[in-house]
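Below is one structure; the comments refer to it alone.
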Amino acid sequence: MCAALVSRAGAQEQHSHHGASEALGSVHFPVACETGVQATFTRAVALLHSFGYEEARKSFAKVGEQDPSCGMAAWGIAMTYYHPIWAPPTAAELAAGAAAADRASAVGARTDREKRYVTAIGAFYRDFGGVDHRTRALAYKEAMEDLARRYPDDHEASAFYALALLGTAAPGDAAFAAQKQAADILNGLLMKEPQHPGAIHYLIHAYDYPSLAAMALPAARTYAKIAPSSPHALHMPSHIFTRLGLWPESIESNLASADAARRLVARTYPGAASFDALHALDYLEYAYLQTGNEPKARQVREDAATARKFDDPNFAVGYALAAIPARFALEHRRWDEAATLEAPDASLPWQNFPYARAITQFARALGSARGGEPKRAYAPLANLEEIHTTLVKSPVPGPYDWAGQVDSMRLAAAAWVAYSEGHRSEAVDLARTAADLEDRVGKHPVSPGGVLPARELLADLLREMGQADEALQQYEASLSVAPNRFNGLYGAAQSAEASGDSRKATQYYAMLAENCSSSDRTEVKRARDFLERHK
């Protein structure tokens, strides 16, 4: 199998167009097209593996222009419209992807292997108007499984098959069967091709769960070195750093990613905001908040608020624009600010992102309730119920349960409304239900974490009710899933102190003080005071 290295040692033709310093990893995908297009095709596949969908599409189109008889160019274009573990294709993307898949079939492929690639992506787009997303995604997965089995030396087939497994994983499967199967494939591939961008990228996604995240740490610390020219490759390691509470590394990753994304969009969409940058900013905001760095968190919020037009107005943009200001207000316990949050002023098809709209409604409801104005929370709670109903009736295709996530937010906010109105038992029941539901649903990769974790909110409620022992248990349960969270550590320390457990209070205050060594927040000062008194 011929090899093409998309890196500083890459093909001369690629360098002449994209600069000798471009590094996207090592990809081997020979095609039976004119030899002059191989380097461009290989670069496109490398971009595809790092979710650089639009840039990959441009390169595949260039291959088609240079060799109109190369059906694999159209295959590549069709692949860029299918995002197995992101949001499903929009109606326009489905139409464009189906047209490209049809074109690939019409132009034809020159080898049995290439024909099977074309057939596989065609299976995803076939009858997209009448067949649901999951059925078509499973058809693609089965076709890729067959291709990978027939051509075991084709590492690209193995990588794309592993990604298809992740994209069709059963929602809520606590055993992570599909994820572990994909990880086995990808770990085997990395033994043979340690510089493969898809193998290492998809492995991080396979392990992007609380109980699995530690296994991805070596990959997380390597991926950005393999493909530093990809904004997403610079960001992706922070998924694992966030899962493990490694805030300095998350901050470093997302600063680098946002900077790379801004430089790219300045060349491709002057004057627009980059969706990759906004996605990185949400993770960056989250990390700054956990280190008590209010000035930096405020700057991120202000930077995001200036965005008006976008290179790709997709779901990651909507999520980040809604989540960043909500996180800032709620994590700082600024209930009045949260209660008055408005939907971001940006030109986006917000009707396509109900789960993003739910974030603002959640912040308004929770802020109102915890700010002592429960009746003010009724309207946003009703809006959350409406959004939940919409998502139940018209689920977002894919392996994630957005309806469940929105309902968890609704229940958590309703718990604080009940508590504010004096219904303590009902409040605890609602909060427990919210926490259990969020535990089952987990988080979507678009998010570094819940805007406020439901189990942490349950712990807050119990602490306010004077139930310090049980509050501590709930904080610790929350921290086991979302380690090193600022409010989780502080709440655990406060609860331990209130229950007379000086050892645990010291442990959690020390962790908070270490994470927030440069912070002047009141909670950190209290932690330092406690540690000073208990030397």
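The values are calculated or read from the model by the stated rules, or taken from the named source; none is laboratory data. Keep in mind it's a predicted model, so treat the numbers as computed, not measured. For neighbour counting, all protein chains shown are included, and Cβ atoms are generated from backbone atoms with ideal geometry for every residue, glycine included.
Tabulated data for the structure shown
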| item | result |
| --- | --- |
| Candidate set from the range 302-352 (those that are within 23 Å of residue 288 (Cβ to Cβ) and of a type in the set (Lys, Arg)); member that is nearest to the chain's Cα centre (by Cα) | 327 |
| Unmet criterion (only one of (1) of a type in the set (Asp, Glu); (2) more than 20 Å from residue 330 (Cβ to Cβ); (3) buried (at least 19 other Cβ atoms within 10 Å of the Cβ)) for residue 529 | (3) |
| Single condition residue 183 does not satisfy, out of (1) farther than 20 Å from residue 50 by Cα; (2) touching a Leu at 6+ places or on another chain (Cβ under 9 Å); (3) part of a helix (DSSP H, G or I) | (1) |
| Members of the range 500-520 that are surrounded by fewer than 17 Cβ atoms within 10 Å (Cβ to Cβ), in a loop (DSSP other than H, G, I, E, B) and not acidic (Asp, Glu) | 500, 517, 518 |
| Qualifying residue in the range 36-47 (condition: assigned to a loop (DSSP other than H, G, I, E, B), farther than 15 Å from residue 81 by Cβ and not assigned by TED's automatic domain parsing to the domain that holds residue 275) | no |
| Any pair with Cβ under 9 angstrom, 6 or more apart, that starts in the range 81-92 at a residue that is closer than 16 Å to residue 164 by Cβ and ends at one that is charged (D, E, K, R) | 81/57; 81/93; 82/93; 83/93; 84/141 |
| Some residue of the range 124-140 being acidic (Asp, Glu) and within 28 Å of residue 443 (Cβ to Cβ) | yes |
| Test: residue in the range 234-242 that is surrounded by fewer than 20 Cβ atoms within 10 Å (Cβ to Cβ), out of contact with any Cys (no Cβ under 8 Å at 6 or more places or on another chain) and at negative phi | no |
| Count of the range 186-224 residues which are crowded, with 22+ Cβ neighbours inside 10 Å and either among the hydroxyl-bearing types (Ser, Thr, Tyr) or over 18 Å from the mean Cα position of the chain (by Cα) (or both) | 5 |
| Pairs, first among the β-branched types (Val, Ile, Thr) in the range 469-497, second surrounded by fewer than 21 Cβ atoms within 10 Å (Cβ to Cβ), C-beta under 7 Å, six or more apart | 481/210 |
| Residues within the range 268-292 that are closer than 22 Å to residue 224 by Cβ and over 20 Å from the mean Cα position of the chain (by Cα), tallied | 2 |
| Residue match in the range 293-315 (condition: over 30 Å from residue 525 (Cβ atoms), of a type in the set (Val, Ile, Thr) and without any contact (Cβ under 8 Å) to a residue 40 or more places away in the chain) | yes |
| Subset tally (residues that are surrounded by 19 or more Cβ atoms within 10 Å (Cβ to Cβ), among the hydroxyl-bearing types (Ser, Thr, Tyr) and in a helix (DSSP H, G or I)) for the range 63-105 | 1 |
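Conditions (1) within 18 Å of residue 87 (Cα to Cα); (2) in contact (Cβ under 8 Å) with a residue 40 or more places away in the chain; (3) surrounded by 15 or more Cβ atoms within 10 Å (Cβ to Cβ), marked per residue:
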site: 339; (1), (2), (3): no, no, yes
site: 366; (1), (2), (3): no, yes, yes
site: 377; (1), (2), (3): no, yes, yes
site: 382; (1), (2), (3): no, no, no
site: 385; (1), (2), (3): no, no, yes
site: 389; (1), (2), (3): no, no, no
site: 392; (1), (2), (3): yes, no, no
site: 398; (1), (2), (3): yes, yes, yes
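Every residue, every condition in (1) under 22 Å from residue 286 (Cα atoms); (2) not assigned by TED's automatic domain parsing to the domain that holds residue 261, yes or no:
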{"position": "177", "(1), (2)": "no, yes"}
{"position": "186", "(1), (2)": "no, yes"}
{"position": "192", "(1), (2)": "no, yes"}
{"position": "198", "(1), (2)": "no, yes"}
{"position": "211", "(1), (2)": "yes, yes"}
{"position": "218", "(1), (2)": "no, yes"}
{"position": "234", "(1), (2)": "yes, no"}
{"position": "240", "(1), (2)": "yes, no"}
